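A.B. asks: Take a look at this one; I'll ask things after.
We did not get these values from a lab; they are worked out from the coordinates using the rules stated. Bear in mind that the values here come from a model prediction, so they are computed numbers and not experimental data. Cβ placement follows ideal geometry from the backbone for every residue including glycine, while neighbour counts extend to all protein chains displayed.
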Amino acid sequence: MYLEALAPGVDPATLDLSVVGITVSMTGEKRRVAGDVKPEAFHRSERATGTFLRHRQLPVDVDEHTVHAD
């Protein structure tokens, strides 16, 4: 089974994946834009910053000891 999750702007070092039974959990953090860009400079920002947690159910049971992420 192959699962792809897009996480634009998220530092890969902050990502944590876990699998229990048929549930995949992904946590991470998207930090603010680097540099001296002030929030007032944005006309629109459609992607929030901060930590997140997502759970997705898989169609089959998975052996959590054989899961790997790249």
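A.B. asks: I'd like to know which of Leu58, Ser25, Val10 lies farthest towards the positive end of the charge dipole of the chain, counting +1 on Cβ of Lys and Arg and -1 on Cβ of Asp and Glu.
C.D. replies: The one lying farthest along the dipole's positive direction is Val10.
A.B. asks: I need the per residue convex hull volume for the chain, using only the alpha carbons, in cubic angstrom as a whole number. The partial results should precede the final answer.
C.D. replies: Numbers: hull volume 6.8 nm³, N = 70.
Expressed per residue, the convex hull around the Cα atoms of the chain is 98 Å³.
A.B. asks: Pop a pseudo-label 7 angstrom from the Cα along the beta-carbon direction at both Asp11 and Arg56 and give the gap in nm to one decimal.
C.D. replies: 2.4
A.B. asks: Calculate one ³J(HN,Hα) per residue across region 53-66 by plugging θ = phi - 60° into the Karplus curve 6.51 cos²θ - 1.76 cosθ + 1.60, and present them in order as whole Hz with x for glycine and proline.
C.D. replies: 9, 10, 10, 9, 8, 8, x, 9, 5, 10, 7, 4, 7, 10
A.B. asks: Compute the longest continuous run of the chain that contains no exposed trypsin sites (Lys or Arg not before Pro); treat a site as exposed when its DSSP state is not H, G, I, E or B and it has at most 13 other Cβ atoms within 10 Å. Don't skip to the answer; put the middle values down first.
C.D. replies: On the way: sites that count: Arg31, Arg32, Arg44, Arg47.
Between the exposed loop sites, the longest stretch runs 1-30.
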